[in-house]
1. With r as the distance between the Cβ atoms of residue A:7 and residue B:58 and R0 = 30 Å, compute the FRET efficiency 1/(1 + (r/R0)^6) and round to 0.05.
2. What distance in nm separates the simple spin-label points at residue B:18 and residue A:59, each placed 7 Å from Cα in the Cβ direction?
3. How far apart, in nm, are two points set 7 Å out from the Cα along the Cα-to-Cβ line at residue B:26 and at residue B:67?
4. Placing one identical point scatterer on every Cα of chain B and ignoring solvent, what is log10 I(q)/I(0) from the Debye formula at q = 0.10, 0.12, 0.16 Å⁻¹?
5. So if I take the alpha carbon set of region A:1-99, get Rg, then get Rh from the Kirkwood formula, what is the Rg over Rh ratio?
6. Average partner chain C-beta neighbours within 10 Å, per residue of A:35-43?
7. Specify the longest stretch of chain A that does not include any exposed loop site, a site being one of the trypsin sites (Lys or Arg not before Pro) with a non-H, G, I, E, B DSSP assignment and at most 13 other Cβ atoms within 10 Å.
8. Take residue B:8 and residue A:27, extend 7 Å from each Cα along the Cα→Cβ direction, and tell me the distance between the two endpoints in nm.
Amino acid sequence: GAVVSQHPSWVICKSGTSVKIECRSLDFQATTMFWYRQFPKQSLMLMATSNEGSKATYEQGVEKDKFLINHASLTLSTLTVTSAHPEDSSFYICSARGAGVMGAQYFGPGTRLLVL
Amino acid sequence: GDSVTQMEGPVTLSEEAFLTINCTYTATGYPSLFWYVQYPGEGLQLLLKATKADDKGSNKGFEATYRKETTSFHLEKGSVQVSDSAVYFCALRGLTGGGNKLTFGTGTQLKVEL
């Protein structure tokens with residue numbers, strides 16, 4: 001099946017710094033990418049949806065200035081956590097889908113962020 | 001809004017035991033239903049899906065039937081193996097967000113022991 005990679009898999013940063021997480025679709029063109037956040041023993045919560053070349057659509061309650069999403073190409077999307085704080089510590093998962101709303105959605109392995 | 005409820009884990013079974021992981025949902029209309037599996041250190045993988053009532057999704061010995069009357073999509077396997085140890089997520093894609101959005105349950109961890 002299609003492969004989605006994330007980098008880094010683990011990141012530790014100091015409070016107040018910004019962290020960028022990359023998501024790549026390795027063998028297909030991802031017209032739509034999704035970013036999720038997962039807390040321990042909780043569900044995946046959709047943060048935002050982005051279409052290549054367009055601004056991301058954020059879910060209610062997600063700060064767009066805090067979580068910057070760029071989907072500049074059909075194989076790369078980035079999530080930047082700006083001025084990170086300890087409460088931003090979480091597991092961030094990206095997902096990519098090819099053309100068509102009903103196309104299969106493939107998930108990356110996730111990035112663990114710890115803000116000290 | 002849409003929601004998915006699945007049984008809490010962890011579920012611990014002996015090899016060759018029968019597995020059931022319950023999943024119920026709330027959604028308007030007729031959502032598509034999915035089971036995803038996440039093996040340690042890997043991303044979520046689609047295990048099986050069903051798009052309409054009474055459909056049965058199946059893969060790798062796992063099955064789930066779309067039951068509209070009980071709004072359920074329980075995952076079953078007749079004989080589990082150690083290699084099935086993973087976290088299983090039930091999900092739906094409904095009308096919310098123009099059919100673009102997956103709503104997940106909290107996940108159920110399965111541990112299979114020899």
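Quick note: the coordinates plus some simple rules give every number you see, no bench work behind them. Since this is a predicted model, take the numbers as computed values, not measurements. Glycine gets a Cβ as well: all are built from the backbone with ideal geometry, and neighbour counts include every protein chain shown.
1. Rounded to the nearest 0.05, the efficiency is 0.30.
2. Here the answer is 3.5 nm between the modelled labels.
3. Roughly 1.9 nm, to one decimal.
4. -0.27, -0.38, -0.67
5. Radius of gyration relative to Kirkwood radius: 0.95.
6. 3
7. Counting at most 13 other Cβ atoms within 10 Å as exposed, the longest clean stretch of chain A is A:65-116.
8. 4.0
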